[in-house]
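Single-structure report; data block below.
The values are calculated or read from the model by the stated rules, or taken from the named source; none is laboratory data. Just so it is clear, the model here is predicted, and its values are computed rather than measured. Glycine gets a Cβ as well: all are built from the backbone with ideal geometry, and neighbour counts include every protein chain shown.
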Amino acid sequence: MSQESPVPPNQYDSFADKYLNGLDKKPHNAFYERPAMIQMMPDVRGKTVLDAGCGNGWYAEHLLEAGANVTVVDASEKMLENVQVRTSGKVECVLWDLNKPLTWAKSDSFDFVFSSLTLHYLQNWTIVLSEFSRVLRHSGRLLFSIHHPFADWQIFRKENYFATTKIEDDWGFPVHFYRRSLSAIMDAVIDAGFQIEKLIEPFPTEEFLKIDPNGHQTLTTSPLFLILLCRKP
């Protein structure tokens with residue numbers, strides 16, 4: 001594991017043990033976000049992939065099994081330690097704060113950038129999206145999932161939908177993230193030079209229904225996540 005820049009202790013370290021103990025197996029992950037992300041994922045066999053905000057490495061393992069050459073980056077050293085164990089050290093791990101330029105990565109060095117439920121933890125998207133564009137090769141793709149802006153607006157009852165707002169929440173441990181409008185999301189992606197190929201508001205699978213019928217009903221009437229597939233022209 002390489003560490004190119006100091007990363008201060010942060011909320012993500014507290015996530016690591018929770019995920020290791022099964023948080024990433026919850027139906028919202030396993031039977032809602034992941035099936036949609038995998039369906040949207042391009043063929044990665046033989047491709048160089050950057051997994052930005054890799055968490056405990058579920059997607060890193062999937063990308064390896066799909067034949068990709070994988071580099072993962074995360075702000076939590078504990079998360080990266082778990083990824084190394086999960087993948088038997090077969091991925092390159094970089095400890096890094098995505099709020100900072102990816103100075104360790106060469107321009108035009110990746111075919112695919114992937115980010116699962118990470119970008120809403122960043123207040124400003126200008127650096128991270130422009131850096132994703134820089135490190136992608138021509139016609140490279142970016143696939144990312146985030147909290148749905150309407151869901152967070154409703155759940156946390158914020159007065160101004162159009163304001164980018166810091167959200168404080170309790171998942172059994174304190175977390176914070178940022179809610180932004182749909183237009184702000186689209187503008188940030190386009191301003192970074194990406195073309196939007198597809199946008200989906202996923203639906204839960206039948207497996208979700210078996211585990212949590214009430215949650216399944218909610219997700220079939222109110223979106224919780226938003227997924228975008230973009231291309232660097």
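Against the numbered list (1) out of contact with any strand residue (DSSP E or B) (no Cβ under 9 Å at 6 or more places or on another chain); (2) of a type outside the set (Phe, Trp, Tyr); (3) within 21 Å of VAL44 (Cβ to Cβ); (4) crowded, with 18+ Cβ neighbours inside 10 Å, ASN82 comes up short only at (3). Looking only at residues in segment 39-83 that are polar (S, T, N, Q) and modelled with pLDDT of 95 or more, the one that is farthest from LYS100 (Cα to Cα) is GLN39. Among the residues making up segment 38-58, those that are part of a helix (DSSP H, G or I), out of contact with any Asp or Glu (no Cβ under 6 Å at 6 or more places or on another chain) and in contact (Cβ under 8 Å) with a residue 12 or more places away in the chain are ILE38, MET40. Annotation note: of ILE185, ILE167, ILE196, the sole residue that is under 18 Å from the mean Cα position of the chain (by Cα), modelled with pLDDT of 95 or more and not in a helix (DSSP H, G or I) is ILE196. Could you go through segment 199-215 and let me know if any residue there is within 17 Å of ALA52 (Cβ to Cβ) and outside any strand (DSSP E or B). The answer is no, given that none of the residues of segment 199-215 is within 17 Å of ALA52 (Cβ to Cβ) and outside any strand (DSSP E or B).
Find the residue count for segment 73-114, including only residues that are over 16 Å from ARG141 (Cα atoms) and either in contact (Cβ under 8 Å) with a residue 60 or more places away in the chain or β-branched (Val, Ile, Thr) (or both).
24
Of the residues contained in segment 72-83, none is found to be more than 14 Å from the chain's Cα centre (by Cα) and in a strand (DSSP E or B). It is to be established whether one or more residues within segment 137-144 are among the basic types (Lys, Arg), part of a strand (DSSP E or B), more than 15 Å from PHE225 (Cβ to Cβ) and in contact with a Pro (Cβ under 9 Å, 6 or more places away or on another chain). Yes, segment 137-144 has at least one match.
Residues are listed down the side, and each one gets a yes or a no for (1) more than 26 Å from PRO35 (Cα to Cα); (2) in contact with a Leu (Cβ under 7 Å, 6 or more places away or on another chain); (3) of a type in the set (Lys, Arg); (4) touching a residue at least 60 places away in the same chain (Cβ under 8 Å):
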{"residue": "ARG141", "(1), (2), (3), (4)": "no, yes, yes, yes"}
{"residue": "ILE146", "(1), (2), (3), (4)": "no, yes, no, yes"}
{"residue": "ASP152", "(1), (2), (3), (4)": "no, no, no, no"}
{"residue": "ASN160", "(1), (2), (3), (4)": "yes, no, no, no"}
{"residue": "PHE177", "(1), (2), (3), (4)": "no, no, no, no"}
{"residue": "MET186", "(1), (2), (3), (4)": "no, no, no, no"}
{"residue": "THR221", "(1), (2), (3), (4)": "no, no, no, no"}
{"residue": "LEU229", "(1), (2), (3), (4)": "no, yes, no, yes"}
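Pick from segment 117-136 the residues that are in a helix (DSSP H, G or I) and over 14 Å from the mean Cα position of the chain (by Cα): which of them is surrounded by the fewest Cβ atoms within 10 Å (Cβ to Cβ)?
THR126
Would segment 85-108 turn up any residue that is modelled with pLDDT under 95, assigned to a helix (DSSP H, G or I), β-branched (Val, Ile, Thr) and over 15 Å from the mean Cα position of the chain (by Cα)? Yes, segment 85-108 contains at least one residue that is modelled with pLDDT under 95, assigned to a helix (DSSP H, G or I), β-branched (Val, Ile, Thr) and over 15 Å from the mean Cα position of the chain (by Cα).
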